[in-house]
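Comments concern the structure below.
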Amino acid sequence: MSARDGNCLPVLAALALSTVPLAQAGSPAAEAPAVTIRPEPRTDRNSQAAHAQLLAKAKQGRIDLYFVGDSITRRWGCSDPQYRDLYAHWRAQFFGWNAANFGWGGDTVQNVLWRMENGELAGVHPRVIVLLAGTNNLKPGEVGEAAERRVREVVAGIRALLESLQRQAPAATIVLMGLLPRNDPPAGDTLNPTIVRINEALARLADGRRVRYLNINSRLTDPEGRLLPGMTVDGLHLSVKGYQVWAEALKPILTEVLGPPADTDLAPPPTGDPGLR
């Protein structure tokens with residue numbers, strides 16, 4: 001994924017890392033080694049500039065609905081001209097709920113965790129947070145123990161993210177998204193069994209109240225788990241049709257927590273890829 005796309009959990013007193021053994025991650029292997037997750041910044045200049053934009057955005061307007069993740073999230077609500085149809089769809093779905101997008105392309109769970117721990121959620125106090133992250137941690141060709149370790153890594157990272165989000169926004173309802181299916185080169189659909197295992201573990205991190213787990217994959221795929229035509233633009237990033245599936249799944253939760261959308265919207269304006277200036 002390109003960087004140019006630009007349960008009720010215990011709260012950590014000072015989040016530096018999260019260590020989750022495989023058994024906690026939902027695997028039958030009880031003695032598997034733990035995986036340590038640390039926040040990791042992106043060091044390329046474009047990502048640093050994007051972080052500065054998002055820090056400023058967090059201090060603007062009113063944000064009741066906060067989306068965070070990688071480019072799958074970002075493309076939906078950014079100002080890049082090549083995604084104007086996706087932003088038009090975003091506005092049509094979420095206008096009146098004061099929604100703001102804090103996705104950034106290419107981020108792993110460690111990168112998203114660093115952004116959350118370095119100001120992008122500070123002082124925002126959203127009422128709903130939608131989190132989709134982890135697909136950039138997956139690597140083509142990993143099988144066996146390598147794939148098992150990847151499951152542990154993603155689940156540990158999501159657990160750390162939930163801890164960070166709950167500590168900074170304790171009143172928010174968090175919608176934890178399952179990782180979406182993939183069919184992008186070079187891996188094709190070979191990563192999907194790992195995605196299924198990750199999602200089985202993520203579902204156990206939700207308590208159904210403060211953290212709601214939402215998996216839309218059955219609406220994106222056929223009974224055999226293959227992506228339906230037109231749901232993505234490249235086997236990974238969603239099309240307008242795919243985002244419509246996501247929006248329809250979110251709206252009952254948003255209406256429950258936020259009420260019906262208002263006639264006006266106070267969210268900050270969208271940000272774009274700094275490299276396009």
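The values are calculated or read from the model by the stated rules, or taken from the named source; none is laboratory data. Treat the numbers as computed from the prediction; the structure is a model and nothing was measured. Here the Cβ positions follow ideal geometry from the backbone for every residue, glycine too, while neighbour counts run over all protein chains shown. What goes into the accessible areas is simple: the full protein's heavy atoms, side chains included, and nothing from ligands, DNA or RNA. Shrake-Rupley method; radii C 1.70, N 1.55, O 1.52, S 1.80 Å.
Structural remarks
- Were the residues from GLU256 through GLU200 laid out at 0.36 nm apart, the gain over their Cα-Cα distance would be 17.6 nm.
- Rg over Rh for the chain works out to 0.93, using Cα positions for both radii and the Kirkwood form for Rh.
- Across the range 118-130, coupling constants 3J(HN,Hα) worked out from phi with the 6.51/-1.76/1.60 Karplus curve, θ = phi - 60°, read 10, x, 6, 10, 4, x, 7, 6, x, 8, 9, 10, 10 Hz, and Gly and Pro carry x.
- Potential lengthening between ARG149 and ASP234 on full extension [0.36 nm per residue; Cα-Cα distance subtracted]: 27.9 nm
- FRET efficiency, 1/(1 + (r/R0)^6) with R0 22 Å, evaluated for PHE95 and LYS59 via beta carbons: 0.55
- Where N is the number of residues in the range 140-253, Cα Rg divided by 2.2 N^0.38 Å: 1.12
- In a reduced charge model with +1 at each Lys and Arg Cβ and -1 at each Asp and Glu Cβ, the chain shows a dipole moment near 500 debye about its Cα centre.
- Carbon plus sulfur fraction of accessible area for the chain, probe 1.4 Å, in percent: 54 percent
- Taken over the range 52-142, the percentage of Cα pairs per 10 Å bin, counting from 0 up to the bin with the maximum distance, is 17, 48, 29, 5, 1.
- Partners for LYS241 among aspartates and glutamates (Cα-Cα distance below 17 Å; same-chain residues under 8 apart left out): ASP85, ASP222
- Bridge type composition, the chain - antiparallel percent by DSSP, nearest 5: 25 percent
- The chain, accessible area per residue, ligands and nucleic acids excluded (1.4 Å, Å²): 41 Å²
- Helix-only [θ]222 nm of the chain, DSSP H runs n ≥ 4, -39500 (n - 2.57) each, per residue, nearest 500: -11000 deg cm²/dmol
- Backbone geometry of the range 80-89 corresponds, through the Karplus equation with coefficients 6.51, -1.76 and 1.60 at θ = phi - 60°, to 3J(HN,Hα) couplings of 4, x, 6, 10, 5, 5, 6, 5, 4, 5 Hz, x marking Gly and Pro.
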